[in-house]
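A.B. asks: Input: one structure, supplied below.
What follows is calculated from the coordinates using simple rules that are stated; it is not laboratory data. Being a predicted model, the structure only gives us computed values, none of them experimental. Cβ: placed from backbone, ideal geometry, glycine included. Neighbour counts: every protein chain shown.
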Amino acid sequence: MTSMADKVFHPRSEGIPSEGVMDQYADGKAARVWKKFVGDSNQRTQNYKDFLIGLLRANGCVKILDAACGTGIDSMMLVDEGFQVVSVDASDKMLKHALKARWEKRKNPKYDEWVIEEANWETLHRDVQSFLPDPSFDAVICLGNSFAHLLDEFEDQRVQRRALENFAKCLKPGGLLFIDHRNYDAIIDSGATPGHSIYYNCKYPVDIKTSVLVVGGRPELITLDYCIGGTDDGDDTNRSEFRLCYYPHKLDKFTKMLDEAFG
Ligand SMILES: C[S@@+](CC[C@H](N)C(=O)[O-])C[C@H]1O[C@@H](n2cnc3c(N)ncnc32)[C@H](O)[C@@H]1O
C-alpha cells in the first residue's frame, strides 16, 4: 500500500533506489516517453527556435556544448542549423535515444560530426576533456528545465555552484551560457505547474501534479508527476506517467549564483 507521504516524498519513479543513484531517468520510464512529451523534433516551437538560434548567431557562436542533451532534441535542432555540436548527459538511458537518433540520421553529412558522450555537470570540464583535449566552446546550453535536477544535498548549494563553475570553464572568454528552469517562484506561489511549455510541441494533454516539500519554512524540493495522454473519459490506453524532482530555484538567488560563478 502506498501512503500519501510516500507519494509526496519519493522523488523519483518507483523502482529507482532512493540512494546512490543520481540519475532520475535510470528506470528508462521518462526516457521512453520523452519523445512523446517533446513532440516532433523537426517542429520545435518556432519562437523558441528563433530565440535560441537568433541569439547564438547574433553572438557569432559556432561550437556549442549541449550539457543536458537528453534524447538530443536541442542538439539536433542545432546540428540541422549547421552548428558544431558536442552533446553530453549523465543518463545513459537518455543518451541511448540520442545515439539512436544520430544513427537514424547517418545519411545526412551534417550528423557525421555530432559528438555524443556521457558527462556529469559536477565533473563536466574533466569529463569533456577525456574525449576532447581542449573543451572550449562559444556557448554552453543547459535547457529544458534540466539544471534544477541537481538537488541541494549539502543545503548550501555547493554542488550547484560547482556545476555552474564547470559550465564557465567550458567556455571561451566571452562565451555564452544558456540555462533555464521553470518559473519556480510561480510554482511555489500557486502550487501548480503548467502542462505545456515553450520548448516542446506535445500533441497530447499533459497534466502535471505538483508537490512542494517545505523544510524549515523553505521550499526545498518540487516533485512533478507527469501524466501524458490520459483522456477525461478514463481511457488509459495511451497514458504515460513518470515522476521527476527538482530544486526550486528562485530567480533572484539563481541570478546571484550565476554572477558568482562567472565573476
Ligand atoms: C528534463 S531533461 C531535458 C533534456 C533536453 N535538454 C530536453 O529539453 O529534452 C534533463 C536532462 O538533464 C540530465 N541531467 C540531470 N542531472 C545531470 C547531471 N548532473 N549531469 C549531466 N546531465 C544531467 C538528465 O539526465 C536529463 O537527460
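A.B. asks: Please get the size of the charge dipole for the chain, origin at its Cα centre, with Cβ charges of +1 on Lys and Arg and -1 on Asp and Glu, quoted in debye to the nearest 20.
C.D. replies: My answer is approximately 620 debye.
A.B. asks: For the pair MET22 and ARG162, how long in nm is the line joining their label points, each one 7 Å along Cα→Cβ?
C.D. replies: According to this spin-label approximation, the distance is 0.7 nm.
A.B. asks: Could I ask something else about it? Can you tell me what share of the DSSP beta bridges in the chain is antiparallel? A percent to the nearest 5 is fine.
C.D. replies: Counting only bridges with both partners in the chain, antiparallel ones make up about 50 percent.
A.B. asks: If you average 1/r over every pair of different alpha-carbon atoms in region 184-246 and take one over that average, what Kirkwood value in Å do you get?
C.D. replies: Result for region 184-246, one decimal place: 12.9 Å.
A.B. asks: Here is a further query. Comparing ARG162, ARG243, ARG218, which has the greatest mean-square fluctuation in the GNM of the chain with Cα pairs linked when under 10 Å apart?
C.D. replies: ARG218
A.B. asks: Work out the FRET efficiency for LYS107 and ILE188 from their Cβ-Cβ distance, taking R0 = 51 Å, and round it to the nearest 0.05.
C.D. replies: That pair, LYS107 with ILE188, gives E of 0.60.
A.B. asks: Suppose we take every Cα in the chain and form the convex hull; what volume per residue is that in Å³?
C.D. replies: 144
A.B. asks: Would you work out which of TYR226, LEU55, TYR204 lies farthest towards the positive end of the dipole of the chain, given +1 charges on the beta-carbon of Lys and Arg and -1 on that of Asp and Glu, about the Cα centre?
C.D. replies: Value: LEU55.
A.B. asks: Let me ask something additional. Return a whole-number percent for the relative contact order of region 184-246, with Cα pairs under 8 Å and 6 or more residues apart as the contact set.
C.D. replies: Relative contact order of region 184-246: 25 percent.
A.B. asks: Among MET257, VAL115, LEU213, whose Cα lies farthest out toward the positive end of the dipole of the chain, if unit charges sit on the beta carbon of Lys, Arg (+1) and Asp, Glu (-1)?
C.D. replies: With unit charges placed on the Cβ atoms, the residue in question is VAL115.
A.B. asks: Of LEU151, ALA30, ALA139, which is farthest on the positive side of the dipole of the chain, counting Cα position, with +1 on Lys and Arg Cβ, -1 on Asp and Glu Cβ, and the Cα centre as origin?
C.D. replies: Selected residue: ALA139.
A.B. asks: Would you mind counting up the charge near ASN145? Only other residues with Cβ under 10 Å from its Cβ, with Lys and Arg at +1 and Asp and Glu at -1.
C.D. replies: Summing Lys and Arg as +1 and Asp and Glu as -1 gives 0.
A.B. asks: Taking the Cα centre of each part, how many Å lie between region 209-226 and region 77-104?
C.D. replies: 31
A.B. asks: Which one, PHE137, PHE167, PHE154, has the greatest fluctuation when you compute a Gaussian network model over the chain with C-alpha springs under 10 angstrom?
C.D. replies: The residue that fluctuates most here is PHE154.
A.B. asks: If you put +1 on each Lys and Arg Cβ and -1 on each Asp and Glu Cβ, how big is the dipole of region 184-246 around its Cα centre, in Debye rounded to 20?
C.D. replies: Computed about the Cα centre, the dipole is about 240 debye.
A.B. asks: Between ALA67, ALA186, ALA31, which gets the highest mean-square fluctuation from a Gaussian network model of the chain, Cα cutoff 10 Å?
C.D. replies: So, out of ALA67, ALA186, ALA31, the one fluctuating most is ALA186.
A.B. asks: Which whole-number percentage describes the relative contact order of the chain, with Cα contacts under 8 Å and a sequence gap of 6 or more?
C.D. replies: Relative contact order for the chain comes out at 19 percent.
A.B. asks: Quick check: net charge around SER87, other residues with Cβ under 11 Å of its Cβ, Lys/Arg +1 and Asp/Glu -1?
C.D. replies: -4
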